[in-house]
Amino acid sequence: MQTQTSPNLVGASRAEIAALVGDLDPRPYRAAQVYRWVARRLAGSLDEMTNLPKSLRESLARSVVIRDPEIVEVRRGDEGTAKFALAHSDGAVVEAVAMPMEGHTTLCLSSQAGCAVGCVFCVTGILGAGRNLSGGEIFGQYRAIMRHQGLVGAPVNVVFMGMGEPLLNLPGVTRAVELLSETVSPRRITVSTSGIVPGLAKLAALDRRPKLAVSLNATTQEQRERLMPIAARWPLDELLAALRAFPLERGRRITFEYVMMAGVNDTLEDARRLPRLLRGIPCKVNLIPLNPDARYLAGLAAPDEETISAFAGVLAAAHVNVTVRWSKGRDVAAACGQLRGQVIGERAAP
Ligand code: SF4
């Protein structure tokens, strides 16, 4: 009989599924079928596994579960963006976002139920630390949203830019990337870090390496420490040296995210320093005007458009590949830096 502690097939590796299924049917192709249903076809129940004999499905139903985090709320924004609150069996709630783009959907997943990094421009960071999510829990966010949105089989990009610092949860994130790679090319998966230097080497060692994004946000060590306390532990020069050594597949570039804050990091001096810092790193820069939050980010605002354009102009003139990313989903607090995992307590919003 299934119990709360019955093994969950969501998040299980091929070998783990082979061991679980092998006890009931030793033929290897049966385990391969089960793995395909869970990891590739994103089946939500054993009943969907129609090419398995009913007797095997019944035996499996007595010993394993297929459990994704439960979608407890969906908020839809004007541009088709959907923000999901997903609850785990221990009550931890995380948020993830689906954003329709041209020709595909981008899913932004969370790697932790909070964040200890404490960036001053990020609501998740202001709200504090939360536990690591397992690979199965992260993969479960993807499965739950793909099914809910009718996206199974459709092209998606996955970014680890939701709640949490992915490189502080490498076991969970690497397992999730492994499972995601069954249906999403690693070229379409991006792990975004605040700059956990030792984690970069571990990410670089993965067989199927996702793309890398780095949340930079400053052009001097002093400024970065003020905005991102983690910079005191892993200083800017160490981070840039690690990025220069990071192995990049042909044609790949590192994305630098730069959240622009009026009067904080938006001067032309900053703009002139940035290309010098990034010299020698194949990269592009995403300028992200701050998503304001009167409650949690009081005193911080986005620069005006003229300032942002002038900043971008300096980068372009220095031959830096630069884009300005106006975040989607601001109207439902689904934009960059706005995820908090507390939707349940804030249902007042329409
Ligand atoms: S920006 Fe990322 S690393 Fe920084 S506090 Fe927010 S979730 Fe954590």
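Laboratory data are not the source of any read-out in this text; all were calculated from the coordinates shown. Bear in mind the structure is a predicted one, so any value in this text is a computation, not a measurement. Cβ placement follows ideal geometry from the backbone for every residue including glycine, while neighbour counts extend to all protein chains displayed.
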Point to revise | Cα gyration tensor shape of segment 62-112, rounded if a/c is under 1.5, else prolate or oblate by comparing a/b with b/c | key: prolate
Check your understanding: When the Cα centres of segment 5-44 and segment 233-258 are compared, how far apart do they sit, in Å?
Key -> 37
Study note, to complete from the structure: Dipole check, segment 14-63, charges on Cβ (K,R +1; D,E -1), about Cα centroid: among Gly22, Ala43, Ser63 the Cα furthest to the positive pole belongs to Ala43
Practice item. Give me the distance in nm between label points sitting 7 Å out from Cα along the Cα-to-Cβ direction at Arg272 and Arg36, one decimal. Key: 6.1
Point to revise | Helix-only mean residue ellipticity at 222 nm for the chain, each DSSP H run of n ≥ 4 adding -39500 (n - 2.57), per residue, nearest 500 | key: -8500 deg cm²/dmol
Point to revise | log₁₀ of I(q)/I(0) at q = 0.13, 0.14, 0.15, 0.16 Å⁻¹ - segment 70-346, Debye sum with one point per alpha carbon | key: -0.84, -0.99, -1.15, -1.33
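Which of the three applies to segment 14-63, rounded, prolate or oblate, going by the alpha-carbon gyration tensor with a ≥ b ≥ c and a/c under 1.5 meaning rounded?
Verdict is oblate for segment 14-63.
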Check your understanding: Which shape class, rounded, prolate or oblate, goes with segment 137-282 when its Cα gyration tensor gives a ≥ b ≥ c as root eigenvalues, a/c under 1.5 marks rounded, and past that a/b bigger than b/c marks prolate?
Key -> prolate
Check your understanding: Separation between the Glu102 and Ala61 pseudo-spin-labels, each 7 Å from Cα along Cα→Cβ, expressed in nm?
Key -> 4.8
Point to revise | Only Lys, Arg (+1) and Asp, Glu (-1) charged, at Cβ; the chain dipole about Cα centre in debye | key: 1000
Point to revise | Unit charges on C-beta of K, R, D, E only; dipole of segment 143-212, Debye | key: 140
Point to revise | Electrostatic dipole magnitude of segment 14-63 [Cβ: Lys, Arg +1; Asp, Glu -1; Cα centre; debye, to 20] | key: 180
Revision key, fill the gap. If each part is reduced to its alpha-carbon centroid, segment 156-195 and segment 86-108 end up apart, in Å, by 13
Practice item. Could you work out the relative contact order of the chain, using alpha carbon pairs under 8 angstrom and six or more residues apart, expressed as a whole percent? Key: 16
Exercise for review: Find which of Cys115, Val264, Ile145 sits farthest along the positive direction of the dipole of the chain, computed with +1 on the beta-carbon of Lys and Arg, -1 on that of Asp and Glu, about the Cα centre.
Suggested key: Ile145
Practice item. Taking 7 Å along the Cα-to-C-beta vector as the label spot, tell me the Glu182-Ala317 distance in nanometres, rounded to one decimal. Key: 5.2
Review point. Order of Leu268, Leu278 from fewest to most other C-beta atoms within 10 Å?
Key: Leu268, Leu278
**Study point:** Cα centroid separation, segment 47-82 to segment 209-230 (Å)
**Key:** 38
